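Below: the structure, in structure tokens.
Bear in mind these aren't lab numbers, they're just calculated from the coordinates by the rules spelled out. On a predicted model such as this, the values are computed, not experimentally measured, just so you know. Every residue, glycine as well, gets a Cβ built from its backbone with ideal geometry; the counts of neighbours run over all protein chains shown.
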């Protein structure tokens, strides 16, 4: 137990230099031009490497913890799911080319520490889908994320039961099948990627036995991490009732982005530490200026006019993301029925 907790603490310590290096002396509120100048002056390859390595040191600690009983295994599964989610978001900034100093290092770090072990698509593929296909077309018909939401059942006329299932889609049989099919597709015919992905449960087994392999890899990778990533997707945009506007990037994104927990520092802090990490809580600021690292998004967000949608919760309550999406889909269905 002591070794497991020591590794978790060591992993957290390895992540600190990157945060301290990039965030020191940053104004509380600042314009994009000022923040991007600070970011470029501090770009390096060493602290991002330590940041990503720290995630895997923590994961190793959780693998050791998993063998300490049922509750420890449950805590390890949750902790590793969060770590996988962190790896996804850190590599997201590498896809945008702002994690490390050089483009080559960005790709290398993303592939080695996230895309290969988590069996994600190659970085160039993700870059095309996200940077080219999604960012300029967010919430529009050509946005690939809308097809993903539609596949999960989020479409006009959806029944209440189907809508509720869609909110936890990765835990449903259809969602699990999609996750497994995607993993097979990402690895089939790619021996290096397959070997790297299979090495993860192998390393977990060697570290903490079968409990670590199941609670430390299979459950987080197939169930918990996909759920956290899905909730993140739901909370990014006003997918079904976006205000399509013209103007500056901030003016355009203000009409189609969400900002969760604007009045609750506690809920915002919990989300930023778990399922909306590394700037994902500030998706509006990121959408307006994708070339900015996560360290500077809070300062940029305070400088920008607020987005139009600021829900107080994700799933529950009249001012939640879920209620907004359901109302928007219902309105679209009524509009379509009236037009017919």
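Laid out as a table, the results:
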{"quantity": "Ordering of 288-298, 63-73 by burial proxy (mean other Cβ atoms within 10 Å per residue, highest first)", "calculated": "288-298, 63-73"}
{"quantity": "Cα centroid separation - the stretch 101-178 against the stretch 229-285, whole Å", "calculated": "16"}
{"quantity": "Pairwise FRET efficiency - residue 218 versus residue 102, Cβ, R0 = 41 Å, nearest 0.05", "calculated": "0.70"}
{"quantity": "Mean separation of Cα contacts under 8 Å (6+ apart) over length of the stretch 193-276, as relative contact order %", "calculated": "20"}
{"quantity": "Proxy reagent accessibility, fewest Cβ within 10 Å first, across 143, 241", "calculated": "241, 143"}
{"quantity": "Residue order, fewest to most surrounding Cβ atoms within 10 angstrom, among 234, 315", "calculated": "315, 234"}
{"quantity": "Estimated FRET transfer efficiency when R0 is 22 angstrom, pair residue 142-residue 246 (beta carbons, to 0.05)", "calculated": "0.80"}
{"quantity": "Cβ-based exposure ranking for 230, 56, in which fewest neighbours within 10 Å come first", "calculated": "56, 230"}
{"quantity": "Kirkwood estimate for the stretch 5-66, i.e. one over the average of 1/r between Cα atoms, Å", "calculated": "12.9"}
{"quantity": "Rough spin-label spacing in nm, given labels placed 7 Å along Cα→Cβ, for residue 315 and residue 28", "calculated": "3.5"}
{"quantity": "222 nm mean residue ellipticity, helices alone, for the chain (DSSP H n ≥ 4; -39,500 (n - 2.57); rounded to 500)", "calculated": "-19000 deg cm²/dmol"}
{"quantity": "Packing-based order for 162-173, 269-280, using average beta carbon neighbours within 10 Å, highest first", "calculated": "269-280, 162-173"}
{"quantity": "Shape category assigned to the stretch 113-183 from the gyration tensor of Cα positions, a/c cut at 1.5", "calculated": "oblate"}
{"quantity": "The chain: relative contact order in percent, alpha carbon pairs under 8 Å with at least 6 residues between", "calculated": "21"}
{"quantity": "Normalised contact order of the stretch 1-107, rounded percent, pairs of Cα under 8 Å and 6 or more residues apart", "calculated": "33"}
{"quantity": "Residue-span extension gain [residue 264 to residue 177] - 0.36 nm each, minus C-alpha spacing", "calculated": "27.7 nm"}
{"quantity": "All-pairs alpha carbon distance profile, the stretch 2-237, 5 Å steps from 0, percent", "calculated": "1, 6, 12, 15, 18, 17, 13, 10, 6, 2, 0"}
{"quantity": "Per-peptide average of other Cβ atoms within 10 Å, ordering 107-113, 249-255 highest first", "calculated": "107-113, 249-255"}
